[in-house]
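Trainee: Below is a structure I'd like to ask you about.
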Amino acid sequence: EIYTLSLHDALPICRLAGGVAHDFNNLLSVINGYCEILAGRLLPHDPSRRDVHEIHAAGQKAAVLVRQLLAFSRRQELHPHVISLNRLIRDHAAILGRFLGSAGRLHLDLAPDLPNVRADPAQLQQVLLNLTLNARDALRRNGDVTIGTAIREIKNGSNRRVTDTPPGRYVLLSVSDNGVGMDAATHAQLFEPFFTTKDAGKGTGLGLAMVYGVVQQSGGHLQVHSAPGVGTTFEI
Ligand code: ADP
């Protein structure tokens with residue numbers, strides 16, 4: 001069975017989180033800034049150095065999280081360029097494959113003559129990374145992850161049941177895995193900030209929220225097909 005999600009459901013909470021993240025970001029700048037001042041003032045053998053270092057490391061981790069929050073709540077500035085999606089994927093295939101490690105194999109299925117897209121390459125890279133890491137975490141034995149591109153025509157009237165994407169001709173980016181898939185309850189909450197089914201310390205629940213924000217802000221559309229025991233495909 002294929003589930004789809006109306007993306008509009010997640011918007012109000014994204015805005016709320018974005019407002020909090022903005023203020024939080026300012027506070028973190030103060031914490032991290034004073035850490036640096038303090039560290040500079042301590043002598044090399046001062047026993048407090050390690051403590052200050054720990055505070056600073058935690059502060060910087062928090063700053064990364066806040067950046068993700070800002071990204072999905074549309075408050076992060078994007079720098080869009082006209083780019084070749086195929087080239088972006090090829091350029092990052094090696095590193096993405098390394099992230100998969102022994103969990104599975106990475107395949108590319110790239111359409112020739114793909115039109116360029118207008119998007120922020122650094123953010124798209126993050127999107128690819130988040131989707132690949134999620135795919136990795138879902139894999140079982142003989143895991144396969146495929147990053148694909150295609151031209152997708154959404155016709156008027158057709159497919160209305162399974163997509164809320166307006167009719168038109170689109171460049172499609174997909175990331176598929178043959179992992180555990182997800183049930184309807186997970187599928188319904190997927191993009192919610194802090195929603196995770198992973199163990200504490202493993203998942204932040206911000207990966208897909210970030211993906212959602214970047215796609216929305218870039219004027220794109222997002223769909224997820226998943227079936228328990230079969231796998232998951234994200235289509236952008
Ligand atoms: P995190 O990865 O930190 O848990 P995400 O927002 O990236 O946060 O993902 C939220 C949840 O969505 C995951 O915990 C998982 O339950 C589910 N999920 C995401 N991608 C997949 C996938 N490819 N296969 C199965 N479940 C997935």
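Trainee: Compute the long axis of helix 85-100 from its Cα atoms, compare it with the longest principal axis of the Cα atoms of the chain, and write down the angle in degrees, 0 to 90, nearest 10.
Mentor: Relative to the chain, helix 85-100 is tipped by roughly 60 degrees.
Trainee: Among E192, E36, E153, determine the one that fluctuates most according to a GNM of the chain built with springs between C-alpha atoms less than 10 Å apart.
Mentor: In this elastic network of the chain, the residue with the biggest mean-square fluctuation among E192, E36, E153 is E36.
Trainee: Could you run the Karplus curve 6.51 cos²θ - 1.76 cosθ + 1.60 with θ = phi - 60° over segment 105-115 and give me ³J(HN,Hα) per residue in whole Hz, x for Gly and Pro?
Mentor: Taking θ as phi minus 60°, the curve returns 9, 9, 10, 10, 9, 9, 6, x, 6, 6, x Hz for segment 105-115.
Trainee: Turning to a different aspect of this structure: Search the structure for amide H atoms under 5 Å from the amide H of L110, placed 1.01 Å from N in the peptide plane, and list their residues when 5 or more places away or on another chain.
Mentor: Amide H neighbours of L110, under 5 Å, 5+ apart: T149.
Trainee: Please tell me the relative contact order of segment 82-159 in percent, rounded to the nearest whole number, where contacts are Cα pairs under 8 Å and at least six residues apart.
Mentor: The value is 44 percent.
Trainee: Using Cα pairs under 8 angstrom and six or more residues apart, how large is the relative contact order of the chain, in percent?
Mentor: Result for the chain is 23 percent.
Trainee: By counting other Cβ atoms within 10 Å of each Cβ, how are H79, H187 ranked from fewest to most?
Mentor: H79, H187
Trainee: Please give the length that would be gained between D91 and K61 if that part of the chain were fully extended, namely 0.36 nm times their separation in residues minus their C-alpha to C-alpha distance (nm, one decimal).
Mentor: 8.1 nm
Trainee: Taking 7 Å along the Cα-to-C-beta vector as the label spot, tell me the R140-L27 distance in nanometres, rounded to one decimal.
Mentor: 4.4 nm
Trainee: Using all Cα-Cα distances in segment 77-232, what percent lands in each 10 angstrom bin from 0 up to the longest?
Mentor: 10, 38, 40, 12, 0
Trainee: Quick one: helix 48-72 against the long Cα principal axis of the chain, what's the angle to the nearest 10°, folded into 0 to 90?
Mentor: 30 degrees
Trainee: Which length gain, in nm to one decimal place, applies between L78 and H45 when the Cα-Cα distance is subtracted from 0.36 nm times their residue separation?
Mentor: Taking 0.36 nm per residue and subtracting the Cα distance, the gain is 7.6 nm.
Trainee: Also, quick follow-up: Let me make sure I get this right: for segment 114-156, a, b and c are the square roots of the gyration tensor eigenvalues over alpha carbons, sorted descending. Under 1.5 in a/c it's rounded, otherwise prolate if a/b > b/c, else oblate. Which is it?
Mentor: Oblate, since a/c reaches 1.5 and b/c is not below a/b.
Rule-based calculations on the coordinates, nothing more; no lab input. As the structure is a computational prediction, the values presented were derived from the model and not from experiment. Cβ coordinates were reconstructed from backbone atoms using ideal geometry, including for glycine residues, and neighbour counts include every protein chain displayed.
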